[in-house]
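Coordinate-derived values only; no laboratory data. Here the structure is a predicted model, which is why all the values come from computation and not from measurement. Glycine gets a Cβ as well: all are built from the backbone with ideal geometry, and neighbour counts include every protein chain shown.
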Amino acid sequence: MNVAHFEYVQRLGDNALILGQRLSEWCGHSPFLEEDIAMANTALDLIGRARMLYAHAAALEGQGRDEDALAYGRDERQFGNFLICELPNGDYACTLIRQYLVDVYHHALYSTLCGSSDAGLAAIAGKAVKECAYHLRRSGDWVVRLGDGTAESHARCQAALDEVWAYTAEMFNGDAIDDAMAAAGIGVAPGSLAAAWRDEVEAQLALATLSVPRDDWSASGGRQGLHTEHMGRLLAELQFVQRAYPGQKW
Amino acid sequence: MASAQPPADDAAMAALLSVLDEVHDPEIPILTIADLGVLREVRIDAGRVVVVITPTYSGCPAMHAIEDDIEHALTAAGYRDFTVETQLAPAWSTDQMSAAAHAKLRSVGIAPPTRITTDKRALLGEHVMCPRCASRQTERISEFGSTACKALYRCRNCLEPFDYFKCL
Ligand SMILES: [Zn+2]
């Protein structure tokens, strides 16, 4: 087994699972019915994507683990998701701003992964990219509607943007695993996505009358399993049933 | 696939397909899995039935139910040796839905997907026709409807809300 290959796919799954788990917390709590449905459906897409990626990673590993073992059987330090995915939802503006920033990244990432030399990963990317386009369209619309909305919605969006901005740089700072996978034609060098991401986000924020925050500090560590204080609680809720009743099925 | 087989196998395949034709989408029960384009391939490998399906959306909760339903239908029809496989590539598209599927959707008040997803406007859901009065004066209320595959629309002519089966 190629450990870097396994880790790379597993991390993609971690980003999808953890963000999907966060979005699912809105189920039954969104501001109105249509948004509740939209949020839950986006969460489902992400969790479904995580399942496919974990199943593929487990097959690459070949140690008899399955997607459930990867989702429910690992501890905080073994998850390689970006910190931005695990941040608490905050208010609706905060959830949507974070979603938009990650959607732009994921759309570019999975567009490129459609050409991966790993046919299994390329197939998953082929499904994911269509859903990413749809997610991005929705979150991008909301950024403009709320940013260029009332004084209240504008202020909340700007505050959310200022809050999460420092967590975006991490998405583009790859490590040795990313480098090895990019060199092998399996993965994407995250840094190669940075300039286009920035251009797209700046254009949308201008439409939304929001200011791009200053790049004065940034947080990272997710790839190496060094998470925020929020991750443990998220996993406690996510994994509780499987930890209490290992292998339990519906 | 059946054309290359001897006649006895043609009969076996026809019987098999008629069993699978009774498996419906649990969320839009008027559609069979063949109508939906989820049923990708059926073959008999040395006596073993292999049914290949493809998911609509990554997180579609119906996929598991569909797999169970296929297994139940085959078991009820007396099949013992079968497997249901999932295939991701090429990714499912609403282009794979049959003309019959479009007519069935309309008959239950769901606007079918605009035909060709390569037309970007179709992909973004413009010009959706009201399934009740056929007006194109319609507007999107929400990107998502009652299931992952639908969006919520409203007709500005007859004022009725309706589901639109999104292009993907
Ligand atoms: Zn109408």
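Which longest uninterrupted range of chain B lacks any trypsin sites (Lys or Arg not before Pro) assigned by DSSP to a loop state (not H, G, I, E or B) and surrounded by at most 15 other Cβ atoms within 10 Å? Answer from the scan: B:1-79.
Unpaired cysteine residues in the protein assembly as shown (no second Cys Cβ under 4.7 Å): A:27, A:85, A:94, A:114, A:132, A:157, B:60, B:149, B:167. For region A:167-174, putting each phi into the Karplus relation 6.51 cos²θ - 1.76 cosθ + 1.60 with θ = phi - 60° gives couplings of 8, 7, 4, 4, 4, 9, 9, x Hz, in residue order, rounded to whole numbers and with x for Gly and Pro. Name the helices (complete DSSP H segments) of chain A with a Cα length along the long axis of 15 Å or more and a Kyte-Doolittle mean of at least -0.5, or state none. Long hydrophobic helices here: A:3-24, A:33-61, A:92-113, A:119-147, A:151-164, A:194-207, A:230-244.
Normalised by the number of residues in chain A, the mean separation of alpha-carbon contacts (under 8 Å, six or more apart) gives a relative contact order of 25 percent.
Counting each DSSP H run of 4 or more residues in chain A as -39500 (n - 2.57), what helix-only mean residue ellipticity at 222 nm follows after dividing by all residues, to the nearest 500 deg cm²/dmol?
Mean residue ellipticity at 222 nm (helix-derived): -21500 deg cm²/dmol.
Residue order for A:171, B:63, A:1, B:97, fewest other beta carbons within 10 angstrom first, comes to A:1, B:63, B:97, A:171. Of all lysines in the structure, the ones whose alpha carbon falls short of 28 Å from that of residue A:249, not counting any fewer than 8 places away in one chain, are A:127. Need the list of aspartates and glutamates near residue A:130 for cross-linking: C-alpha distance under 16 angstrom, and skip anything on the same chain fewer than eight residues off. Correct list for residue A:130: A:45, A:103, B:95, B:119, B:143.
Rounded to the nearest 500, what is the 222 nm mean residue ellipticity of chain B from helices alone, with -39500 (n - 2.57) per DSSP H run of 4+ residues and division by all residues? Don't skip to the answer; put the middle values down first.
Values: 5 runs with 46 residues, N = 168.
Here the helix-only value at 222 nm equals -8000 deg cm²/dmol.
Per residue of B:58-64, other chain Cβ atoms within 10 Å of the residue Cβ number 6 on average.
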